[in-house]
Structure formats: structure tokens, C-alpha cells
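Encoded as C-alpha cells, the structure appears first; notes follow it.
Each value in this text was obtained by applying a stated rule to the coordinates, not by laboratory testing. It should be emphasised that the depicted structure is a prediction, and the values quoted were computed from it without experimental measurement. Using ideal geometry, Cβ is built from the backbone for each residue, glycine included, and neighbour counts are taken over all protein chains shown.
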């Protein structure tokens, strides 16, 4: 995921113009300490910063290398306190696969819609009955301001990364990253992107028409491609005229 974020704004210009563009995202690895740590499968990670008072716009929680019914009580207390502080300060908390277990342990998912890897869904629902676990959904955005974002298992972290880029930067940048990495980012459906197009652009009647159309069709599998077809515009022109609401 770090590579996907770092590519945003930089690599498209590199392959099309021969010079790297300005990075659209500043990403860093944060951990309990800055000491190198060994993660699953023996890979070594060197955090750039330890948990502290700094706040972030988006915090991505990695998956946990645990069995589905593992009790993590007491194992991640420092991380939980830090995550709750970040969320309280307005950060988007995002995770894929089993990382939702940590958000649940922090109490952040109580009363919210959520998803996780299919192998963890039953255990998550049993341990936290206040959470509405959606086993069938690959991507869920919930909570106040939709600041709790979860992806399921496998490669759905790619959909999560592209969703976050579309939300925090713009749709065009996310589409560029998808093309560079050959990612089919529309397979999760339109619903997580609804807030990006829910506000009609009254200054562009054609784009506004497309936004109204897609807002009523939450199950469309390729929302952006569908709007391009509806508009009758070339894809490049559509992307230029489409503006992501703030």
C-alpha cells in the first residue's frame, strides 16, 4: 500500500512525460518505536516515526497476523490509545483484512457497519455483537463522516488504497494509479464512492446529470466508466470536467 500511495502524482508523469511529477501524498510508517521490526514472512520494516502527539489525515492499520478467534486483549493497548486519539482529531482510519479486529478492540466500530477478511467475519461478529458485519462487501465506509474505512481479504487492499486516493486527492489521480498498476478498481461497486459524487455540480449540467444518475444506482459495478458512457464525453474530457466535492 505504501508503494501505491507514493506513486500518486509522481509516477504517471514519469511514464508519460519522462520526468517524475510532484508526489500527491506524503506517507510514512509509524510504529510503537522506530526500531526495525520483523513482520509476517520475515520482512523487516523501518518505521520513520514512533507513536506520538503528531496527527494525520489518514491512518492505515495493517492486518494482524493472528488466528480469527485470537484474544488480543492487552497486546495493542498503546496502539489503541493512539488510534482513538487520531480518530478523535479527525483522521480517517482505514484497514484491510484482519486489521478491523484492532479497530473493533478500540470500540470504534460499535454500532457501525464493517467488513473484514471472510475468515474473520464470524469471530468479529461474535466477539463484538454491536458491530454490523457485512461478509459480502469488499469495501465499507462508515461512522461519522465515513471516517472508518475497511476492506475485506486478499487484494481488496488495492481497492482501499484507490478509494483513499480518490477521496483525499482526486478521482483522476486514483484512476492514473489504477492504470499504472493494472488494477480493476470498480469491481467493489459504487456504494463506497457515493459521498464523492453525492453533491451535484450545479455549474456543469452534464456532470450534474451523471452524478444524480449514479447516486440512485448503488449497485453499479463500474461507476466512473458508467458515468463516462452516460455523458457521451471522451474519458479524458469527462475526468477534466468532473470535480470531486470537498
Inset, instruction - Using 0.36 nm per residue of separation minus the Cα-Cα distance, give me the extension gain between residue 136 and residue 180 in nm, one decimal. - result: 13.0 nm
Inset, instruction - Kindly put 231, 142 in sequence by how many other C-beta atoms sit within 10 Å of each C-beta, fewest to most. - result: 231, 142
Inset, instruction - Relative to the compact-globule scaling 2.2 N^0.38 Å, provide the ratio for the alpha-carbon radius of gyration of segment 2-185. - result: 1.04
Legend entry - Fewest-first ranking of 57, 170, using other Cβ atoms within 10 Å as the exposure measure: 57, 170
Legend entry - Pairwise centroid distance, computed over Cα atoms, of segment 15-89 with segment 100-131, Å: 20
Inset, instruction - Compute the Cα gyration tensor for segment 107-185, then decide on rounded, prolate or oblate, letting a ≥ b ≥ c be the square roots of its eigenvalues: rounded whenever a/c is under 1.5, prolate when a/b is larger than b/c in the other cases, and oblate in all that remain. - result: oblate
Inset, instruction - Please give the length that would be gained between residue 84 and residue 17 if that part of the chain were fully extended, namely 0.36 nm times their separation in residues minus their C-alpha to C-alpha distance (nm, one decimal). - result: 19.9 nm
Inset, instruction - Take 149, 34, 169 and order them by how many other Cβ atoms sit within 10 Å, fewest up front. - result: 34, 169, 149
